[in-house]
Structure formats: structure tokens, C-alpha cells
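Report on the following structure.
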Number of protein chains: 2
Amino acid sequence: MPAPWITYRPELKVLDCTIRDGGLINSHQFDDGFVRAVYQACVDAGIDYMEMGYKASKRLAAKDQFGCWKFCDEDDLRRVVGDNPTPLKLSAMADAGKTDWRTDILPKKQSVLDVIRVAFYVHQVSEAVDMIKDAVDKGYEATANLMAVSRATELEIAQCLELLAETPASTIVVVDSFGSLYAEQIEILVKKYLEYARPSGKQVGIHAHNNQQLAFANTIEAIIHGANRADATMFGLGRGAGNCPMELLIGFLRNPKFRIRPIYQVLQDYLLPLSRQVEWGPYVQYMITGQLNQHPRSAMAARASDRRDSYVEFYDKLITEE
Amino acid sequence: MPAPWITYRPELKVLDCTIRDGGLINSHQFDDGFVRAVYQACVDAGIDYMEMGYKASKRLAAKDQFGCWKFCDEDDLRRVVGDNPTPLKLSAMADAGKTDWRTDILPKKQSVLDVIRVAFYVHQVSEAVDMIKDAVDKGYEATANLMAVSRATELEIAQCLELLAETPASTIVVVDSFGSLYAEQIEILVKKYLEYARPSGKQVGIHAHNNQQLAFANTIEAIIHGANRADATMFGLGRGAGNCPMELLIGFLRNPKFRIRPIYQVLQDYLLPLSRQVEWGPYVQYMITGQLNQHPRSAMAARASDRRDSYVEFYDKLITEE
């Protein structure tokens, strides 16, 4: 039997989405020093991709209410990464329905970005297909991130995969937005995604949330079943329960190109201090929304209220509403 | 393919070891109200077993330096549970080398305990065999908990299992003392344990630690591969990184005999307040000892020191000592 915890698969690539997913808990208001520290840690740790933020529409999101990482304007990116003279590839996420992608995503030759990750729900797949084509036409690598897959039916998923297989996307990502999936469901989804991805030369990725303390375990599970793209964040930073912690993922992977010490350094110097100002992690309310396969918004509201310690009240409310 | 997250296995039984494993972080000094609340939550939640503490030798451990749950004297037990007129079975853990088991473990008819769980390292297996026989002779159910299995060789494990298969133990437990095992290793161990346990009519159990945020995931993994006894603790309370959280395990299991609401209640009323006085959970230092397959004692020392935030220093120290 293979022992993947001893050896490694060279094709496996890791994406850091600390700033992008983490931006959802502080309105993307990271200062340059923080972003630069995460960038440098990614470079030093041998991580393959770093996601800098969103390409949100300025018509829909007022620029003065959010930090610049919601928009990833070229000037803001270059202020931190310069021309990015490193092997680390940079990505931005573009949400279907929330991005002026025709105008705001520049031709690749004018951008320091390498990858556009297109995020969408089942009902937005047609726009996502157009966005992927547009990004690839402009010179980027593009990925397809079908969100909230735990709420989609098998038929919906299959139809999306059929459409996505025909796009020039490099990767289709299994996204457990609500942190509700167990390992066996991850296995089923990864295998299903691979059925469509492999024949068209695409990779499958995994993006897990930590509501049930399964983000790392499910990421390993996806890797074992053939996912070659894994998302993680420093200290598990991310909305609500957070994401797969990079420090756990890199500790697991055995490719000697990865180095874990720079990750401990940025945890110590930047993430730990941040954790004293803003909360994320697998708190009980997030666990409950994960168990119930719900969006974490009710849990975020409860955590932000003065009823944050009233677990039973929260549970009763959600169960009654089900 | 079976869908164990939809249905359930009636043979599967859950053991709460909140007071026993949790006692390792506060010298077993729980007040009666706390123990009674956990006991009542177990009864109300439909949990099968509750472990009340250790049967430690009073020659080796001074009674005035520890709470009574290190010794589980009959008077102390009955002060909380009376004659335990409930379906909840009660256990105590007896460590090889640290228990005056011949005298301190009373005949079952004089005790409110139902189960003696014998904990031991590889080199103590002979005493463990005697302890198991003694407990069963006295009228108890007995289990064999081979600790720190991640540091034992396959040959050692096989030899222990061979000996244990011949004892009257009801259960042999896979114990990941250092929280270092990944799901695939859990699978291999559970299958190996079952090879020896099944022919002699024994069950296999799982006791996981949360150093790498894998305690719940590994518990599920063990269950999927045939473990029918699962340990967990309220809020994941336990030494160092803690254990598999009961609230996650019960949320996963689909047997309608289990009820999760009483667990949220005890979390809210007792465990959350405790978490403000004493620390446990998958902090970075515990993750590092887990990744390195080491006893968590260096991590506990670091967390208790004024260098608790110096992750890199801790990592460098451990790597140098390796």
C-alpha cells in the first residue's frame, strides 16, 4: 500500500489564500506590512500560489468601505510585491455576479497577477464559463471554484462539471463553503470532479472550511484521492471557522521544496497578534451551522453579539428554523 | 457504497473521558458540581460510558496534591453518582506501573464502577494482561489501552495484540497519545487490531488526540474501518491539545438514541467557563510535537512559560534535539 505521508507527489501544488479568505473577516483591511509578511512567508516556504484578494466591482462595493484587497488594483498589488520576481504565482478571486471582469481584469501583460480564480454558485455557471474564457483569452491561468457544493444536487454538480470541462480552466476546485462535508463525501466529490477534469487535462483542487475541525483532514483526504491543488491559510485564517491551516498542511506534505519554519515565523509575528483583534476558528456556533449544512452567517452574527456564549439558544433557534 | 453519515451502526458505543483525560490538566481537581454536570449531560445525551478518573496508587501519588478523581475512591464516586441508577456505564482507568490494582480495585459488587480500562506501554504488556484478568475476575468489563502506539514498531504491536487477544478484555483501543497519526495510519492500525480482536469476540476502540486537528477526523476514520468504541470529551477537554470533541462526534453519529442539546448545555454552563481558567486545544506547540511524534510534555512546558508565543524558538529547539 502506498504511504503518501512518507513520500510526495511532485504535481501537488499549494495555494495560500490567507489574504483573500481572511479579508472576509476584516473587510479586507490588511495593512501593507501584513500582506508583505504573508507574501514573503509564502516565497520562503516554497508555496506555489498566493491569492491576494478579490477583483470586486467598484459599482457594487464602495471603495471607501473596504480595504484595497477587495479590489486588487494593480498599483496596490505592486506596492507590496513589486514585479514579483519570485517563483510564487499570484492569483485573485473573481466572483460571478460581483465583478466587472470585462474591464477590471486587465490583459495579463499589464498585470502582476498570474491566475484568476472564478468563484460561482450553481446558478451562475454560465457567467463563470464566460469569465474563465475571458481570463484565459487575456493570458491568465483560470480556475473554476463552484461554491457551496454541499447544497447542490448531484445532477446540478454533474451539469456544472460538464460545462466546466469544456472551458480552458486549468483546475476545478471542490469548495466546502459551509464546512459541512465529511471525508467520505470529499472522496465522492473528488472522484466525480476527476471524472470530468482528467479527460480535458485539468486538475482538481480542494478548499475546505474548518467548522467541524475537518478542514485539514478533508484536504488530506482530497489529496489522497487525486486532488493536486490544495488551498490553505496561515493559522487557518478565514471567514467564520476559518480554513485548512497552512502550518498543518505543510507539516504533512513531504516535498522537500516546502519549508515550515517561515510559516511559524509569520504565525508568531503577524497571525497571533491579529488573532487578538479579530476572531476566527471552529467555535461552537460554526460547528452547528456546519453540522446543519448552513451558511455561517447566523453563526457570525451570534459570535458578534452579546449572546455569543449562549450555545443552546443558538442551537434551538437554528433547529426551529430548519 | 454505504453512507455511514446517513445511517448508523447500533453496536457503536461512545465513551466520555472528560473528567479522566481532562484531569491531566488540573491535577484532577474538578469540584463535584462540574463532575455531576458532565455525568448528567452524558446520561441525557444517551452516551454509553463515562470515565470518572484514574485508580492511581496512593503510595505513588500523594492524596493531598491531587483531586479525588485521580483515585476514584468509592465514596467520592457515590457522592456524585449515587448508585448510578442510569443506563450510563462508569469506568476508571488503571495505569500499569501506577496502580495498586490488587487492593485498590474492589470486587465489582462493592463498586459503582462497571469497567476498568487498563492503560499501558508496550513494555508493560505483561502487567496489563494480569490487570485485565484481575479486573474481569472481580466482575468488571475490562479494556486494553496500549498507549503511544505511534512510537511502537509493527512487531511490538503484533506481539502485544497476540497477548491481549488471549485476555478476557472486551475491547482493545487504538490510542494516539501524541496526536501524530494521519487517517491512513489509523486505518492500518484499526484493521490490524481487528485481525486479533474479532476472532476472540473483542471490539476495537479509538482514543485520539487533537494536536493536528485530526482527533475527530481520525475517530470517524476508525469508526468507518470497524472500530465500535469511540472516546471523546466535552469541548475536547484533555491534556495538551485535547481530545476528540464530543459535540462533533455526537453531531456526526446518526443513532437517534444520542441527543446533542444536553452537550451544548454543559459546554455553555461548565466547559466554556473552565476554558477561561485553564488552557487546552491544538495550539502551535502541540501541533509541532504531534508532527514530530513526540510526547507533548515539551509543548506543555512551553505553553506554561512566558515564551508561549515564541513558536520559532520552540520549533528550533525540538528540531535540534531530534
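The values are calculated or read from the model by the stated rules, or taken from the named source; none is laboratory data. On a predicted model such as this, the values are computed, not experimentally measured, just so you know. Methodologically, a virtual Cβ is constructed for each residue, glycine included, from the backbone with ideal geometry; neighbour enumeration extends over all protein chains shown.
Looking only at residues in the stretch B:301-315 that are part of a helix (DSSP H, G or I) and in contact with a helix residue (DSSP H, G or I) (Cβ under 8 Å, 6 or more places away or on another chain), which one is surrounded by the fewest Cβ atoms within 10 Å (Cβ to Cβ)? Before you say what the answer is, go through the steps one by one.
From the stretch B:301-315, those part of a helix (DSSP H, G or I) are B:301-304, B:311-315; that's our starting set.
Cutting the leftovers down to in contact with a helix residue (DSSP H, G or I) (Cβ under 8 Å, 6 or more places away or on another chain) gives us B:302-303, B:311-312, B:314-315.
Details: B:Ala302: 25, B:Arg303: 20, B:Tyr311: 26, B:Val312: 17, B:Phe314: 24, B:Tyr315: 22.
Among those that are part of a helix (DSSP H, G or I) and in contact with a helix residue (DSSP H, G or I) (Cβ under 8 Å, 6 or more places away or on another chain), it is B:Val312.
A:Val35 meets all of the listed conditions (1) more than 15 Å from the chain's Cα centre (by Cα); (2) over 25 Å from A:Phe258 (Cα atoms); (3) surrounded by 13 or more Cβ atoms within 10 Å (Cβ to Cβ) but one, namely (2). Is there a residue being surrounded by fewer than 18 Cβ atoms within 10 Å (Cβ to Cβ) and under 19 Å from the mean Cα position of the chain (by Cα) anywhere in the stretch B:240-250? No, the stretch B:240-250 contains no residue that is surrounded by fewer than 18 Cβ atoms within 10 Å (Cβ to Cβ) and under 19 Å from the mean Cα position of the chain (by Cα). Annotation note: Cβ proximity below 7 Å between a residue of the stretch A:266-295 that is within 14 Å of A:Leu181 (Cα to Cα) and a residue that is crowded, with 19+ Cβ neighbours inside 10 Å and among the acidic types (Asp, Glu) (sequence gap 6+ or interchain) occurs for A:Met287/B:Glu247. Put simply, of B:Arg276, B:Arg254, B:Arg239 the only residue that is within 11 Å of chain A (Cβ to nearest Cβ) and of a type outside the set (Gly, Ala, Ser) is B:Arg276.
Kindly indicate whether any position in the stretch A:166-181 is in a helix (DSSP H, G or I) and in contact (Cβ under 8 Å) with a residue 12 or more places away in the chain. The answer is no; no qualifying residue exists.
Can you find even one residue in the stretch B:215-224 that is away from every other protein chain (no Cβ under 13 Å) and modelled with pLDDT of 95 or more? Within the stretch B:215-224 (the criterion being away from every other protein chain (no Cβ under 13 Å) and modelled with pLDDT of 95 or more), the answer is no, since none of the residues qualifies.
Listed by position, the helices (runs of 4 or more DSSP H) inside the stretch A:1-107 whose residues that are in contact with a helix residue (DSSP H, G or I) (Cβ under 9 Å, 6 or more places away or on another chain) and closer than 24 Å to A:Ala222 by Cβ number at least 3 are A:18-22, A:32-45. Scan the stretch B:102-116 and tell me whether some residue there is under 22 Å from B:Tyr196 (Cα atoms) and of a type outside the set (Gly, Ala, Ser). Yes - at least one qualifying residue is present in the stretch B:102-116. All conditions but one from (1) of a type outside the set (A, V, I, L, M, F, W, C); (2) within 10 Å of chain A (Cβ to nearest Cβ); (3) farther than 20 Å from B:Thr18 by Cα; (4) under 26 Å from the mean Cα position of the chain (by Cα) apply to B:Ser298; the one that does not is (2). You will find that of B:Ile288, B:Ile260, the residue that is assigned by TED's automatic domain parsing to the domain that holds B:Ala197, among the β-branched types (Val, Ile, Thr) and either over 26 Å from A:Pro245 (Cα atoms) or modelled with pLDDT of 95 or more (or both) is B:Ile260 and no other.
Given the criterion within 28 Å of A:Glu279 (Cβ to Cβ) and either free of Cβ contacts under 8 Å to residues at least 12 places away in the same chain or surrounded by fewer than 23 Cβ atoms within 10 Å (Cβ to Cβ) (or both), identify the matching residue among A:Lys13, A:Lys98, A:Lys89, A:Lys55. Lay out the reasoning, then the answer.
On the way: A:Lys13 fails: within 28 Å of A:Glu279 (Cβ to Cβ); A:Lys89 fails: within 28 Å of A:Glu279 (Cβ to Cβ); A:Lys55 fails: either free of Cβ contacts under 8 Å to residues at least 12 places away in the same chain or surrounded by fewer than 23 Cβ atoms within 10 Å (Cβ to Cβ) (or both).
The conditions single out A:Lys98.
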